[in-house]
Amino acid sequence: MNIPIKALLWGVALAALAFEGASACQGKRMVYQDRFNSFDAAWGDDDNASVSGGHLVLQVPPGKDGFADHLMNQSKTYGDIDECITVQFTHASDLDGASAGLVFWGTDDTHYYMLVINPTGQFIVLRKVAPYKNLVPIEWTASSALRQGLNVPNEIEVITRGTNATLLLNGVQVDALDGDPPTGGSRIGVYWAVQSDRTTVTEFSNLRVMK
């Protein structure tokens, strides 16, 4: 069967638009965006964080043990929102031990939730409740929505409505949870961790918050 070239090109264009729409944040109004063209002081001061080429570059200091850190954005607090960010692991020798994600329902540096992924196609939801103590509302779960490996971008998205959080990866809903958001508004942020490989480099880009 012969298909006209114009029809093929039109089909490709429609598919691209559909993918772009599926992966975009939902909402009518942008209330915050960071394209990481420069380092916003709202992220605080962290020697492991820098900005390069439109990416927030997060590294790990030398050492032998595991490492985890986060940046909490101090620009404003939010009620119900849709927040999205793109993450990729640009260097890691231990793919199973590297992880990174999006912070939501944040109160302070020891109270927040996070939707976290790793380079092997899994996600988890953690809830920080005290220094060195996390609850695990959703255990590590494999998802076909994630692209695996290094230097491949994945979009993480969280939609909060009251006590409900809808979790999406690359525009696909992978789970939802009923949680305990802070009263009076919450903060957003990013998280990254390694189990042992201190050479791991993680990059975030295009943070958007919609209402």
Can you go through V172, V129, V190 and tell me which one is buried (at least 17 other Cβ atoms within 10 Å of the Cβ) and among the β-branched types (V, I, T)? V190
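If you take the residues in the stretch 85-122 that are among the hydroxyl-bearing types (S, T, Y) and assigned to a strand (DSSP E or B), which one is nearest to Q26 (Cα to Cα)?
Only one residue tops the list, namely T86.
Go through the stretch 177-205 and give me each residue that's in contact with a helix residue (DSSP H, G or I) (Cβ under 9 Å, 6 or more places away or on another chain) and either closer than 18 Å to V31 by Cβ or among the hydrophobic types (A, V, I, L, M, F, W, C) (or both).
Within the stretch 177-205, G189, V190, A193, V194 qualify.
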Those residues that are exposed (fewer than 10 other Cβ atoms within 10 Å of the Cβ) and either outside any loop (DSSP other than H, G, I, E, B) or of a type in the set (S, T, N, Q) (or both), I need them from the stretch 38-63; list them, please. S38, A41
In the stretch 123-155, which residues are of a type outside the set (A, V, I, L, M, F, W, C), out of contact with any helix residue (DSSP H, G or I) (no Cβ under 9 Å at 6 or more places or on another chain) and outside any loop (DSSP other than H, G, I, E, B)? R127, K128, K133, N134, P137, E139, T141, N154
Does the stretch 172-184 include one or more residues that are assigned to a strand (DSSP E or B), closer than 25 Å to Y32 by Cα and either in contact with a Phe, Trp or Tyr (Cβ under 7 Å, 6 or more places away or on another chain) or modelled with pLDDT under 95 (or both)? yes
Using beta carbons and a limit of 8 Å, which pairs, at least six apart or on different chains, have the first residue in the stretch 45-60 and among the charged types (D, E, K, R) and the second one surrounded by fewer than 18 Cβ atoms within 10 Å (Cβ to Cβ)? D46/D69; D47/P61
Among (1) within 17 Å of the chain's Cα centre (by Cα); (2) farther than 18 Å from G189 by Cβ; (3) not small (G, A, S), where does P62 come up short? (1)
Six or more apart or on different chains, Cβ under 7 Å: which pairs go from a residue in the stretch 172-193 that's farther than 24 Å from L95 by Cα to one that's surrounded by fewer than 21 Cβ atoms within 10 Å (Cβ to Cβ) and of a type in the set (A, V, I, L, M)? Could you list them? L177/I138; R187/M72
Taking the criterion of being under 26 Å from M30 (Cα atoms) and of a type outside the set (F, W, Y), would at least one residue in the stretch 125-138 satisfy it? yes
What number of residues in the stretch 138-160 are touching a residue at least 40 places away in the same chain (Cβ under 8 Å) and within 23 Å of P181 (Cα to Cα)? 6
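The values are calculated or read from the model by the stated rules, or taken from the named source; none is laboratory data. Predicted, not measured: the structure shown is a model, and the values here were computed from it. In this analysis, Cβ positions are derived from the backbone assuming ideal geometry, glycine residues included, and neighbour counts consider all displayed protein chains.
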